[in-house]
Amino acid sequence: MQKMKLFRSLLMLAVISMATVSCSNDDDPLYFLLKAADGRSIYVTSAVEQYNDESEFIDALSNVDVFGSTTDVKSGSTLPAERKTVYGYDEEPYLLNDIWQQVRFGYWCEQYGLVPGKSYLLNYKRITKYIPCTYDERVIEDSYLSTDRNMGYSKGRVGFVLDDTNDGGKYSAYTLVGVIGYDAEGNVINTHYPCNLDDLEWKYLVIGMSE
């Protein structure tokens, strides 16, 4: 009889546990798994973010916090500076995370070959570029406008961030681009915003550290 009571108690606990799992599965999930046309299985947000205006999308990109602090020019510096530009990227770009966000855009997206009101899947790529210099030079970022079409985004602004130290005659620079990888059905789109990765421009200043 004691064993029967114990069995009934365990059975009741199992039923309650199954019911709890079932209820939580009935709730709207934050993500779902999608099999894309390229064979990848990707996680996608259930909620859809709407960007009716391009400036809203720029603000969202420029506020992704993945780069850390930047090195700024000291005010009042009298050191001579030379403006330079390099293009493209060096290290293989990579996605920041495994979750793709569902998004829709206003009519502004047509200039990028996208369809207004259609659901796409958005992620972010971190891009690395080596900024060349000599051993005794310092490199800092040059200024960008928020409407610049040839640069990505660092925290809070258009442009890029740099490592703090000269690494044997180069600085490592980082920026962020948006990648519209798929539509909501999983078809491959692979559009980068604000520009293709090969078209990225890295504008910077070289400061000679000689006496």
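FYI, it's all coordinate maths here, none of it is from the lab. As the structure is a prediction and not an experimental result, all values here were calculated from the model. Here Cβ is always computed from backbone atoms with ideal geometry, including for glycine, and neighbour counts include all displayed protein chains.
Sort all Cα-Cα distances of the range 25-208 into consecutive 10 angstrom bins from zero, then give the percent of pairs in each bin up to the one containing the longest distance.
Binned Cα distances yield the sequence 9, 34, 31, 16, 8, 2, 0.
Zone of residue 91 (label point 7 Å along Cα→Cβ, backbone N under 13 Å): which residues in the range 126-152?
Hits in the range 126-152 for residue 91 at 13 Å: 126-131.
Any idea what log10 I(q)/I(0) is at q = 0.17, 0.20, 0.29 Å⁻¹ for the range 142-184, Debye with uniform C-alpha scatterers and no solvent?
-0.58, -0.72, -1.01
How many angstrom separate the Cα center of the range 31-63 from the Cα center of the range 117-154?
Spelled out, the Cα-based centre of one part sits 21 Å from the other.
Mind sorting 128, 134 by how few other Cβ atoms lie within 10 Å of their own Cβ, fewest first?
In order of increasing Cβ crowding within 10 Å: 134, 128.
As a footprinting exposure proxy, order 165, 175 by other Cβ within 10 Å, with the fewest listed first. Working shown, then result.
Numbers: 165 10, 175 24.
Taking fewest neighbouring Cβ atoms as first place, the list is 165, 175.
Please rank 87, 204, fewest neighbouring Cβ atoms within 10 Å first, as an exposure proxy.
So the residues, fewest neighbours to most, are 87, 204.
Which aspartates and glutamates have a Cα lying under 13 Å from the Cα of residue 118, excluding residues fewer than 8 positions away in the same chain?
Within the straight-line limit of under 13 Å, residue 118 reaches these aspartates and glutamates: 49, 110, 183, 185.
Under a point spin-label approximation (7 Å from Cα along Cα-to-Cβ), what is the residue 118-residue 134 distance to one decimal in nm?
Between residue 118 and residue 134, the simple spin-label model gives 5.3 nm.
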